[in-house]
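The values are calculated or read from the model by the stated rules, or taken from the named source; none is laboratory data. Just so it is clear, the structure is predicted and the values come from calculations on it, not from any experiment. Using ideal geometry, Cβ is built from the backbone for each residue, glycine included, and neighbour counts are taken over all protein chains shown. Only protein heavy atoms, including side chains, enter the accessible area calculation; ligands, DNA and RNA are left aside. Shrake-Rupley method; radii C 1.70, N 1.55, O 1.52, S 1.80 Å.
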Amino acid sequence: MQSNTYTFPKNFLWGGAVAANQVEGAFLEDGKGLSTADVLPHGITGPIMEFPEGKYPSHEAIDFYHRYKEDIALFAEMGFRCFRTSIAWTRIFPEGDEELPNEEGLHFYERLIDELLKYNIEPVITISHYEMPLGLAKKYGGWRSRKTIECYERFAKVLFDRFRGKVKYWMTFNEINILAHYPFTGGGIIVQEGENKKQIQYQAAHHQFVASALAVKACHEAIPDAKIGCMLAYIPAYPLTSAPEDVFAALQGEREILMFGDVQARGGYPSYAAQFFKENNVVLEMEPGDDLILKSHPVDFIGFSYYMSRAVSANPEGKETTAGNLFGGVKNPYLPSSEWGWQIDPIGLRIALNLLYDRYQKPLFIVENGLGAADILEVDDMINDDYRINYLREHLSEVAKAIQDGVDLIGYTSWGPIDLISASTGEMKKRYGYIYVDKDNVGEGSLRRIKKKSFSWYKKVIASNGSDLD
Ligand code: BG6
């Protein structure tokens, strides 16, 4: 690989991304209420369990709630220019439908944001990342109900008001398309037997689209120089073969994700949505004025996560499949996989950037990318995570190429710069960080922070503004 050939924009936002529920712990401290994430000890893919015996690793997580100063100092040492985190909704509105916010929760985020600003690290805030108040889920069925729009809007307005002048980058919902796959995590929804699952999921998505547009409106009103984006889990769909049937199946696979971007970025449902709804017996209930809200308040930028691509076949039966971020697909014979079976595809990121930019012509922000791996703590506190460095290097070199292709990219925040709880499985063993955290899958460990080999590598990448990826 040649060095010094990569050019990133001058003010490119290098950093890392986490989510409140995967790092903070302190799950019932300072007035925090229970969230949907608090009752998923084995992550999104596991069962909902409201406090059986045993320790939930996520309830303590990596104790970022108490150790954020130490951790932010390490991010600053790496040269972070931004840091993406989310605000735990239940720290601000413990049940979700209160009229007034919990001041103690707001104070925590004030201290956290001030700590970032102390080091000139730009906060990038996700308003809702995979956790809504369990109270809203129980009382109203989560995002099934329009009532939740009002609660979310109140929550978002409190944040814009409180962090005005401090936070310029916002995102409304993390990986909003998760609703189509995991309705409890995406929307606090439990689908009952006999219900039309898609009807419920897309009605809830409609409520989130309206809520997202209302948050865009409120954000622009409160903080005129702010930028507020959507956030998609983007997993490009490749046709398994060049058979036209496979190509069309891949197109439909793309639309499955991009409908969520189309509504938020273009300000309305795409033409293909009508047929999709018809085929799935989905009839959306909309209120007069919803169309106008969506149309009037599209997002400013497209945030997305990218970990992998997937292959799609018109006839998947009997074909080898792979695991993946939210969902997998048919195995692509050209790609290797991570230890967790996610297919590794750096060029897919260049493809993703070009496709999204062609489609939306709005700035993009890669807000998650990284390799989940089982690191080994060796003697003298060494963690030789060359596999992670290789993964990131290869992806970043494709990012640089996409920028040369003409893509307008705001920044790059790799996922989990410090080890955290896995969203899909609740494990600690699946690590993404430049900083190791001493804790295991059953929640034991000192929580000590240890720099991995990738720590100095990423520091050098940022210091060279991406020109040195070696
Ligand atoms: C994304 C989520 O889907 O992938 C994160 O936004 C999540 O919350 C990340 O942690 C990686 O997934 P996992 O399952 O390895 O934690």
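Any chance you could tell me what percent of the C-alpha pair distances in region 1-90 go past 22 Å?
The share of Cα pairs beyond 22 Å in region 1-90 comes to 42 percent.
Report in % the part of the accessible area of region 1-85 that belongs to carbon and sulfur, leaving out ligands and nucleic acids; probe 1.4 Å.
That fraction is 51 percent.
Need one word for region 274-320: rounded, prolate or oblate. Basis is the Cα gyration tensor (sqrt eigenvalues a ≥ b ≥ c); a/c below 1.5 gives rounded, then a/b vs b/c decides.
Taking the square roots of the gyration eigenvalues as a ≥ b ≥ c, region 274-320 is oblate.
Taking a ≥ b ≥ c as the square roots of the eigenvalues of the Cα gyration tensor of region 215-285, is the shape rounded (a/c under 1.5), prolate (a/b larger than b/c) or oblate?
oblate
Cut-off under 27 Å on the C-alpha distance; same-chain residues fewer than 8 positions from residue 10 excluded. Which lysines are left, in chain and number order?
Excluding near neighbours in sequence, the set is 118, 166, 168, 227, 362, 401, 453, 459, 460.
Find the relative contact order for region 216-300 and round it to a whole percent, using C-alpha pairs within less than 8 Å whose residues are 6+ positions apart.
The value is 33 percent.
Please work out whether region 333-467 counts as rounded, prolate or oblate from its C-alpha gyration tensor, where a ≥ b ≥ c are the square roots of the eigenvalues and a/c under 1.5 means rounded, while otherwise a/b larger than b/c means prolate and anything else oblate?
prolate
Suppose only helical runs count, i.e. DSSP H with n ≥ 4. What mean residue ellipticity at 222 nm does that imply for the chain under -39500 (n - 2.57) per run, divided by all residues and rounded to the nearest 500 deg cm²/dmol?
Rounded to the nearest 500, it is -12000 deg cm²/dmol.
Just report the Cα centroid separation between region 388-407 and region 6-29, whole Å.
19
Regarding region 60-171, what are the three Cα extents along the principal axes, ordered largest first, in Å?
The Cα atoms of region 60-171 stretch 45, 31, 22 Å along the principal axes, largest first.
If the label point is 7 Å along Cα→Cβ of residue 459, which residues in region 53-90 have backbone nitrogen under 15 Å from it?
Correct set: 71-81.
Kindly state, to the nearest 0.05, the FRET efficiency for residue 5 paired with residue 361, given R0 = 22 Å and r defined as their beta-carbon distance. Before the final figure, lay out the partial values.
On the way: r = 27 Å, r/R0 = 1.23.
FRET efficiency, residue 5 to residue 361: 0.25.
Under 18 Å from the Cα of residue 32, which lysines turn up, not counting those fewer than eight places away in the same chain?
Within reach: 138, 139.
Projecting each Cα onto the charge dipole of region 81-227 (Lys/Arg +1, Asp/Glu -1 at the beta carbon, about the Cα centre), which of 87, 226, 137 comes out farthest on the positive side?
Result: 226.
Just to confirm the filter: which chymotrypsin sites (Phe, Trp or Tyr not before Pro) across region 258-361 are DSSP coil and have at most 14 other Cβ within 10 angstrom of their Cβ?
Here the chymotrypsin sites (Phe, Trp or Tyr not before Pro) that fit, given the DSSP loop and packing criteria, are 334.
Between residue 279 and residue 166, how many nm apart are label points set 7 Å from Cα along the C-beta direction?
4.7
Loop-only check: which trypsin sites (Lys or Arg not before Pro) in region 243-347 are DSSP coil with at most 16 other Cβ within 10 angstrom?
319
In Å, what Kirkwood hydrodynamic radius results for region 120-177 from the alpha-carbon pair distances?
12.6
Calculate the dipole size of the chain relative to its Cα centre from +1 charges on Lys and Arg beta carbons and -1 charges on Asp and Glu beta carbons; express the result in debye to the nearest 20.
880
Give me the distance in nm between label points sitting 7 Å out from Cα along the Cα-to-Cβ direction at residue 66 and residue 429, one decimal.
My value for the distance between the label points is 2.7 nm.
Between residue 117 and residue 470, how many nm apart are label points set 7 Å from Cα along the C-beta direction?
4.0
Cα centroid distance between region 344-370 and region 103-181, in Å?
Answer, in whole Å: 24.
Residue by residue through region 399-406, what is 3J(HN,Hα) from phi via Karplus (6.51 cos²θ - 1.76 cosθ + 1.60, θ = phi - 60°)? Round to whole Hz and write x for glycine and proline.
5, 4, 5, 5, 5, 5, 5, x
Evaluate 2.2 N^0.38 Å with N set to the residue count of the chain, then give the Cα radius of gyration divided by it.
Relative to the 2.2 N^0.38 Å estimate, the chain comes out at 0.92.
Evaluate the Debye formula for region 248-347 with equal point scatterers sitting on the alpha carbons, no solvent, and hand back log10 of I(q)/I(0) at q = 0.14, 0.18, 0.23 Å⁻¹, in q order, two decimals.
The Debye formula, applied to the Cα set alone, gives -0.71, -0.98, -1.22.
Write out the trypsin sites (Lys or Arg not before Pro) in region 1-80 meeting two conditions: DSSP loop, and at most 13 other Cβ atoms within 10 Å of their Cβ.
10, 55
Gain in length, residue 181 to residue 256, computed as 0.36 nm per residue apart minus the alpha-carbon separation, to one decimal in nm?
The residue 181-residue 256 span can extend by a further 25.9 nm.
Which percent of the accessible area of region 278-340 is formed by carbon and sulfur heavy atoms (probe 1.4 angstrom)?
On region 278-340, the fraction of accessible area on carbon and sulfur atoms equals 51 percent.
Just need the relative contact order of the chain here, percent rounded to a whole number, with Cα pairs under 8 Å and 6+ apart.
Reported as a whole number, the value is 19 percent.
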